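Visitor: This is the structure I want to talk about, given as structure tokens.
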């Protein structure tokens, strides 16, 4: 929920602690085991959640001000009333479409990048360096196969597919790749406030599964290795 929706003043936010940026991650991801890799990821999610909040509330505030200008007529320049109305309508349209879509896509793309960065840290075997340059799907597939006991594969794959298709769709829209051949049944994804929120939620669900796999691996590594029995025991 945005600041505009809650109607909180700066003083109220200070009193309830919502000014503290890390709290923005609480709705999505908290590092349960406090490993440094996941604490850093939590901070990235908090930053993106904060940015998402500010973009959404900023657009809502600007639109509310423009609607008030329309009611009061303060935007009108004498002699240019029709042009003034047109300019205001155009500004409202850009804010409510392009700005929202770009803001949502930026949050989604940056969140996926944060997830891929986390995956690269999990891919720490000597032969994993090739996977660091691979795409999201290959990284995810390898980690899911290694930590199958900690990962719900059906849910994991569903989240990965959702993120992959929407990130790619946003990239093509951003460069106006309208001539790229598309199957007639290809869906058209919405990039809005809800999509950004869903992306943060899905990415956090993936990270939570990875965190459990990573924790189990570290605990196994920390277990003492028993010395071989050479037949000297009584």
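Taken together, the values in this text are just the output of simple stated rules run on the coordinates, not laboratory data. Predicted model, so just to flag it, every value in this text is computed and none were measured. Here Cβ is always computed from backbone atoms with ideal geometry, including for glycine, and neighbour counts include all displayed protein chains.
Visitor: By counting other Cβ atoms within 10 Å of each Cβ, how are 139, 54 ranked from fewest to most?
Guide: 54, 139
Visitor: Follow-up question, since we're still on this one. How do 195-204, 109-118 rank on mean C-beta neighbours within 10 Å, highest first?
Guide: Packing proxy ranking, top to bottom: 195-204, 109-118.
Visitor: Now for a different question. Based on other C-beta atoms within 10 Å, arrange 50, 147 from fewest to most.
Guide: 50, 147
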